Amino acid sequence: MKKKKIKLKKKNVYIFLFIVLVLLVVIFYNPAINIFSLMRKGYTFSESSNLYYNDLAKKALEKDYSNTIAKISGNKEFVNNNFDIYCEIEYYDNKDFLLNVNRLIDKGYNSNDINNINYKNDTDLTDYLVNNYVDNISKWIEYDFFKTENIERYLKNFDGDYKNTIVQVNIGLDKPYYEDVNIIKEYSSTVLANKYNKLDSNFVPDDITLLDKCSEGKAYLSKEAKEAYDNLCMASIDAGLSLSVNSAYRSYEDQQEIYDTYYSLYGQSYVDKYVAIPGYSEHQTGLALDVKSKNSNLFINSKEYSWMLDNAYKYGFVLRYPKDKEDITGYDFEAWHFRYVGVDIAKYIYENNITYDEYYVMFLDIN
């Protein structure tokens, strides 16, 4: 009788253990399969568990591995309805990453826009865009010279060409000349002086050097520009030409005198087109010169002019105020006015038929 009772007890224990085992399989089989499947996709055990227990395993298994999903699935800001677009967004290690992504999604931006916005890594830009929807934002911010502080001006002055609008606004062409000017504080061979960028009245380049080739009288350039002009001069002589210089470096006071003279002779309209207000003249930088031909009274009709157009860039000089670019430079065409910017920059300007103003805002004045 005792043996029978012992056998019965053992049988009950086995039955109990079997039931427990079945329950364990039921409880853990599905999670284990899902977690294992997620790990095979590339998620860690912790990430896989997190996805499963947040009811995201099925969605995650239907997609390729997403580093973004792996990083944010346990975040309290995670929005299940945004799962698909999260998968298309690149992850950035930023404490406000998911919050900003959600705000941008809510504003109507797609994954491509959001990736481009995040790539800019510009808090001011993100803050602006989550409060103001900008159509085709990716077409604006693809340019390195896009400036967040100018976005309202870009939108206001959009002409159908994103690049052109950005360039023109960055130059300042949406504002009246001499208004809200930038005071130039640092000097270099790439300094930009124009109707929006002003030199101090006391500014004098510290390496002004007398020209002693292809020049008459006392004309000066900065040392680097002078050495480049010497090389240009010798090349022009080898080509059988006869170049000279009308004017090069001018002090603030010199420019004032020239401005007053031309104003008294020809009036406001003339000086607006051809003569810089003191402080805004490239001649004060020591990098600009007005050339002439010894063989022709009208430089534009001379062989020297044709040669300069085709060869000046090889020595670092560009025609500063070209024809058909008056709306960009702010000055009428000046066949004689050349500016030293360095060989690489001059070559780019020559090959792409742009002005120095355009080059400057596209490549040098980038925040």
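Just so it is clear, none of the values below were taken in a lab; they were calculated from the coordinates. Note that the structure is a prediction, hence the values are computed from the model and not measured. Here the Cβ is made from the backbone with ideal geometry for all residues, glycine too, and neighbour counts use every protein chain on show.
Miscellaneous remarks
- Point-charge dipole on Cβ atoms (K/R +1, D/E -1) for the chain, about Cα centre, debye to 20: 4420
- Each DSSP beta bridge with both residues in the chain is either parallel or antiparallel, and the antiparallel ones are about 90%.
- Reported to the nearest whole Å, the Cα centre-to-centre distance from region 279-340 to region 219-244 is 14.
- Dividing the mean sequence gap of close Cα pairs (under 8 Å, 6+ apart) by how many residues region 206-270 holds gives a relative contact order of 28 percent.
- Modelled spin-label separation between residue 112 and residue 139, with each label point placed 7 Å from Cα along the Cα-to-Cβ direction: 1.1 nm.
- Averaged over residues, the count of other Cβ atoms within 10 Å places the peptides 228-236, 116-124 in the sequence 228-236, 116-124, highest first.
- 15 Å cut-off, amide nitrogen to a point 7 angstrom out along residue 128 Cα→Cβ, residues in region 148-177: 148-158, 163, 165-172
- Selection from 143, 305, 112 lying farthest towards where the dipole of the chain points positive, charges on Cβ: 112
- In terms of packing, defined here as the mean over residues of other Cβ atoms within 10 angstrom, the peptides 252-258, 221-227 line up highest first as 221-227, 252-258.
- Residue-count net charge about residue 133 - beta-carbon cut-off 11 Å; Lys, Arg +1, Asp, Glu -1: -2
- Per-residue ellipticity at 222 nm from helix content only, as computed over the chain with -39500 (n - 2.57) for each DSSP H run of at least four residues, stands at -14500 deg cm²/dmol.
- Basic side chains Lys and Arg get +1 at the Cβ, acidic Asp and Glu get -1 at the Cβ, and with that the dipole of region 77-142 about its Cα centre reaches some 80 debye.
- Cross-link pairs beyond the 32 Å C-alpha cut-off, checked among 58/163; 41/120; 107/325; 223/292: 58/163; 107/325
- Within straight-line reach of residue 347, meaning a Cα separation under 16 Å, sit the following aspartates and glutamates at least 8 residues removed in sequence or on another chain: 310, 357, 358.
- Here is the short version for the chain: 87 have no other Cys C-beta closer than 4.7 Å.
- Cβ crowding within 10 Å averaged over residues, with 313-322, 335-344 ranked highest first: 313-322, 335-344
- The chain - percent relative contact order, Cα under 8 Å, separation 6 or more: 11
- Only Lys, Arg, Asp and Glu carry charge here, each on its Cβ (+1 for the first two, -1 for the last two); on that basis region 227-322 has a dipole of about 320 debye about its Cα centre.
- Difference of contour (0.36 nm per residue) and Cα-Cα distance, residue 227 to residue 121: 33.9 nm
- Per-pair calculated FRET efficiency, R0 = 25 Å: residue 310 and residue 238 via Cβ, rounded to 0.05: 0.95
- Here the label points at residue 261 and residue 212, each 7 Å from Cα along the C-beta direction, are separated by 2.7 nm in the simple model.
- Two-decimal log10 I(q)/I(0) for the chain, as the Debye equation yields it once each C-alpha is a single scatterer, q = 0.12, 0.14, 0.15 Å⁻¹: -0.92, -1.10, -1.21
- Summed side-chain charge close to residue 333 - residues other than residue 333 whose Cβ falls under 10 Å, Lys, Arg +1, Asp, Glu -1: -1
- Cα gyration tensor, region 182-364 - rounded (a/c under 1.5), prolate or oblate: rounded
- Residue 40 paired with residue 99, simple spin-label distance in nm, labels 7 Å along Cα-to-beta-carbon: 4.0
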